[in-house]
Structures are given as C-alpha cells and as structure tokens.
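Here is the structure we will look at, set down as structure tokens.
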Amino acid sequence: MDVLALLSEIWTALRESDLRLFLIAVLFYYFTLLISPIKLKVILWSLGQDVSIKFLYKLSIIAVFVNNLTPMARYGGEPTKIALLKSEGGVPLGIATTAVITEKAMEAIPFFGFLIYAMTVIGLKFSRYVLAVSFLFIVLALFFIIFRRRLLEYALKAWGHRIPGDTLAEYDKALLMIKKKWHYNIVVAILTILSIIFLGLRIAIIAASLGIYLSWAAIAYVTVIYIILGTLGVTPGGVGILDGGLVAAFISMGIPASTSAAIVILDRAITYVSTTIVGLILASHYGGLKLLKTLKESK
C-alpha cells in the first residue's frame with residue numbers, strides 16, 4: 001500500500017473516531033493510574049510506613065513521565081519512585097526499594113494467570129510467541145528471587161547510590177515483613193488483576209471509538225502483548241517497540257492496517273503524550289531539574 005494513501009486512511013479514521021468514547025478512555029486511564037499508588041500504599045502500610053495517597057498518585061504519574069523520556073536502564077520510573085519516596089516521603093531507602101520492587105514483582109502472578117486465560121481462548125496458533133517470551137519472564141523472575149540481594153546491590157550501584165551499611169539490612173527486614181503479612185499481598189494481587197482488566201477495557205473503548213468491537217479473546221490477546229512489550233522498557237516509553245508490536249497484533253486479528261495504527265495513536269496520545277505533559281507539570285512542582293539532582297544525590 002502506498003504510504004501516502006495509508007496516512008490518509010489513518011487520518012480519516014482518526015477524524016471519524018467517537019470523541020466521547022475517546023474522552024471516556026482518557027478518564028478511564030487516569031482512574032486506572034490510581035491503582036498503582038493504592039498498591040504501593042498497601043505495601044508501605046505493611047512495612048510500617050504511612051505515605052499519603054495523593055503524594056503516591058503524583059509519584060506514579062511522574063514515574064510514567066520519566067519512563068516516557070528516558071530508557072529504563074538508567075532513570076526509569078522505579079528508580080524515580082524510590083528516590084522521591086526517600087527524599088520527599090521520608091521513607092528509608094531500603095524500605096522504599098523493597099516496596100517498589102515488591103509492587104512490580106507482584107504483577108507477575110496475576111499476569112501469568114491472565115496469560116493462561118488468553119492462551120485458552122485464543123489458542124496456541126496466536127500465542128506461541130507470547131508463551132516463549134513469558135517463559136523467559138518466568139526464568140528471570142526465579143533468577144530475581146534467588147539473587148535478589150545481589151541484584152539490589154547492583155541496581156543501587158548502577159543508579160549511583162552509595163549503599164549505607166543499614167540499607168541492605170532494611171531491605172532484608174522489609175522482605176521478611178512482607179512475607180509474614182501475606183494478607184496484604186492478597187490485596188495487592190487483587191488490585192493488580194483489576195489494573196490488567198482495566199488496561200484491556202481501555203483498549204476496547206479506544207477500538208470502539210473507531211468502530212471496532214473487540215471480542216474478549218481479542219482483548220485478552222492484545223492485553224498480554226501490551227504488558228510484555230511495555231515491560232521490555234528498552235526505549236523511552238516503549239517508543240517504536242510497543243507501537244509497532246500493537247499495530248502488528250491488531251493486524252494479525254484481521255483489523256485493517258490504517259485502523260490498527262489509529263487505535264495505537266489514540267492510545268499513545270493518552271498514555272504517552274498526556275502523561276508526559278501532566279508529568280512535566282508535576283515534576284516542575286519538585287523543581288524540574290532538581291528532580292534529576294535528587295535522583296543522583298539520594299542514590
């Protein structure tokens with residue numbers, strides 16, 4: 001297909017999209033963003049730390065903003081959360097690190113449950129590549145569990161942290177507390193399941209705004225692809241990798257290339273463009289460039 005013709009079709013699809021459904025998707029996304037700070041608050045509660053949900057919500061948006069501009073390998077959202085929890089929230093470094101890592105690690109179990117569902121309703125024809133990548137994630141998760149202390153030391157050094165003598169002790173103690181307070185983990189797991197479901201529903205709403213009504217199987221398939229590609233974090237905000245992967249996923253389900261691209265453009269307008277703008281405003285509240293200084297000095 002001619003590139004200009006394809007761009008024209010994409011523009012036509014975007015112009016004809018249902019603005020009301022798009023705005024609902026925007027509200028839905030920012031409501032879903034509230035789940036992450038709630039999870040983090042529950043984890044911090046279990047560790048004896050009381051941080052306001054308002055601060056944690058701002059922190060989540062700032063973390064997305066940082067991820068949108070920088071590769072995860074250096075200044076990703078998680079290091080930002082840890083640094084600001086310590087500098088602005090008054091949470092000890094070891095406990096802040098444990099809480100943020102636990103929040104991300106707790107996403108694994110619900111994700112694999114969702115993956116099994118997706119494979120069941122879609123069939124191995126579409127999900128064999130997803131299965132291969134997911135198996136790699138399982139291996140990495142086991143690697144993290146076995147070598148979590150060494151990985152923490154490496155991560156802190158990579159982010160420029162000078163490791164205080166009590167930081168690793170705080171980390172180990174916090175891990176033991178989380179294991180003992182298993183009922184908090186159940187709450188976090190339920191919230192994680194909700195966030196995965198809401199992600200799929202947001203994609204469905206955006207697709208509906210373009211006249212495409214996805215089946216539950218299609219929603220499950222795209223959600224799994226979305227999470228896997230979003231987790232890779234090789235490029236800032238997953239630019240290129242996430243976008244191209246999602247377009248390919250929609251095309252593989254028989255959706256026209258122009259409409260597939262339009263769905264991804266609308267989604268990224270919400271998850272990338274809007275969060276970059278809102279995150280920049282919130283980051284400026286913490287001094288803008290001072291935020292980067294905080295990331296260096298609190299490490």
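The values are calculated or read from the model by the stated rules, or taken from the named source; none is laboratory data. Just so it is clear, the structure is predicted and the values come from calculations on it, not from any experiment. Because the Cβ atoms are built from the backbone with ideal geometry, glycine has one as well, and the counts that use them run over all protein chains shown.
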Fill in the blank from the handout: Per the list (1) in contact with a Ser or Thr (Cβ under 9 Å, 6 or more places away or on another chain); (2) surrounded by fewer than 17 Cβ atoms within 10 Å (Cβ to Cβ); (3) not hydrophobic (A, V, I, L, M, F, W, C), residue check on Ser258 breaks on (2)
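I need the full set of residues from the stretch 203-248 which are of a type in the set (S, T, N, Q) and over 20 Å from Arg20 (Cβ atoms), in order please.
In the first step, residues of the stretch 203-248 are kept if they are of a type in the set (S, T, N, Q); the result is 209, 215, 223, 231, 235.
Scanning the stretch 203-248 gives Ser215, Thr223, Thr231, Thr235.
Test of understanding: among Ile228, Ile251, Ile219, which residue is within 18 Å of Tyr29 (Cα to Cα) and either assigned to a helix (DSSP H, G or I) or acidic (Asp, Glu) (or both)? Steps first, please.
Working: Ile228 fails: within 18 Å of Tyr29 (Cα to Cα); Ile251 fails: within 18 Å of Tyr29 (Cα to Cα).
Being within 18 Å of Tyr29 (Cα to Cα) and either assigned to a helix (DSSP H, G or I) or acidic (Asp, Glu) (or both) holds for just one of Ile228, Ile251, Ile219, which is Ile219.
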Completion exercise
Residue set Leu85, Leu40, Leu21; condition in contact (Cβ under 8 Å) with a residue 60 or more places away in the chain and within 21 Å of Thr102 (Cβ to Cβ); output residue Leu40
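Of everything in the stretch 155-213, what is aromatic (Phe, Trp, Tyr) and either within 23 Å of Ser36 (Cα to Cα) or modelled with pLDDT under 75 (or both)? Give them in sequence order.
Within the stretch 155-213, Trp159, Tyr171, Trp182, Tyr184, Phe198 qualify.
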